[in-house]
Amino acid sequence: VDNKTMESIDLNKGSIGWGFRTGGRITGTPTVDAQGETLLVVSEDMSVTALKADSASAHRATVLWEAQTLGRNMCAPTLTKDLAFLGSDDNFVRCYDLHSGAVLWMKGTDAPIRKSPWLLGRAVAREVETAGPGSPKVVVESFEGMVFVKNSLGLHAFEAASGEEVFKDARAERPLVKVGDWVVTLD
């Protein structure tokens with residue numbers, strides 16, 4: 001009734017499984033990462049909670065990490081395999097490490113963000129040496145691209161990995177596609 005409680009439902013049996021209650025209303029859609037391992041829940045009480053995406057038959061929700069923003073969280077986060085992007089009423093967009101909850105970067109946008117971020121880019125796999133030259137190599141996959149947030153001042157674009165600002169367009173509504181060095185936006 002109060003939009004503070006999430007419940008899992010066993011689709012085979014139709015029975016209610018584990019539940020999780022936040023301190024404030026859940027106003028952004030809870031989001032699961034592509035691997036189906038982490039469920040991110042944001043609420044207007046300024047909390048960000050990562051839950052293990054357990055099956056409904058689990059006894060209770062497992063909290064992986066929790067973080068706080070400085071304002072209400074009104075929109076759903078956007079996730080990659082390793083990163084979570086969240087815009088907040090505190091005028092900031094944050095990039096979290098999805099596995100630990102550490103804030104990797106945070107950038108101001110001078111107005112509240114009430115729309116979910118968009119991503120343009122792709123996962124890139126690279127071979128890296130484990131301990132220096134000549135050591136065994138492992139393949140590491142990471143997201144390369146841009147994250148976009150929209151607020152009353154315009155569309156803001158940032159490098160996803162570093163948070164470096166790419167551009168701000170006061171007229172653009174959202175990104176559509178990246179073509180070479182160009183981003184096509186909708187006005």
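Can you tell me which lysines have their Cα less than 21 Å from the Cα of Lys4? Leave out same-chain residues fewer than eight positions away. Filter leaves Lys52, Lys115.
Modelled label positions at Glu7 and Val166, each set 7 Å beyond Cα in the direction of Cβ, lie 4.2 nm from each other. Taking 0.36 nm per residue of separation and subtracting the Cα-Cα distance, full extension of the segment from Trp182 to Arg25 would add 52.7 nm. Dividing the Cα radius of gyration of region 44-102 by its Kirkwood radius returns 1.00 for Rg/Rh. According to the calculation over all Cα-Cα pairs in the chain, the P(r) per 5 Å bin from zero is 1, 8, 15, 17, 18, 13, 11, 8, 5, 2, 0, 0 %. Here the scattering of region 120-175 is modelled by Debye summation over its C-alpha atoms, one equal scatterer each and no solvent; at q = 0.15, 0.25 Å⁻¹ the log10 of I(q)/I(0) is -0.56, -0.93. The Cβ shell under 11 Å around Pro175 holds other residues with a net charge of +1, Lys and Arg each +1, Asp and Glu each -1.
Of interest is the spacing of the C-alpha centroids, which for region 35-92 and region 133-182 amounts to 21 Å. Convex hull volume of the Cα atoms of region 1-103, normalised per residue: 88 Å³. Distance between the modelled labels on Val63 and Val103, one decimal in nanometres: 1.9 nm (7 Å Cα→Cβ projection). Taking only the alpha carbons of region 62-132, we obtain Rg and Dmax values of 14.2, 44 Å in that order.
Bear in mind these aren't lab numbers, they're just calculated from the coordinates by the rules spelled out. Given the structure is predicted, the values throughout are model-derived calculations rather than measurements. Reconstructed Cβ throughout: ideal geometry from the backbone, glycine too, with neighbour counts over all protein chains shown.
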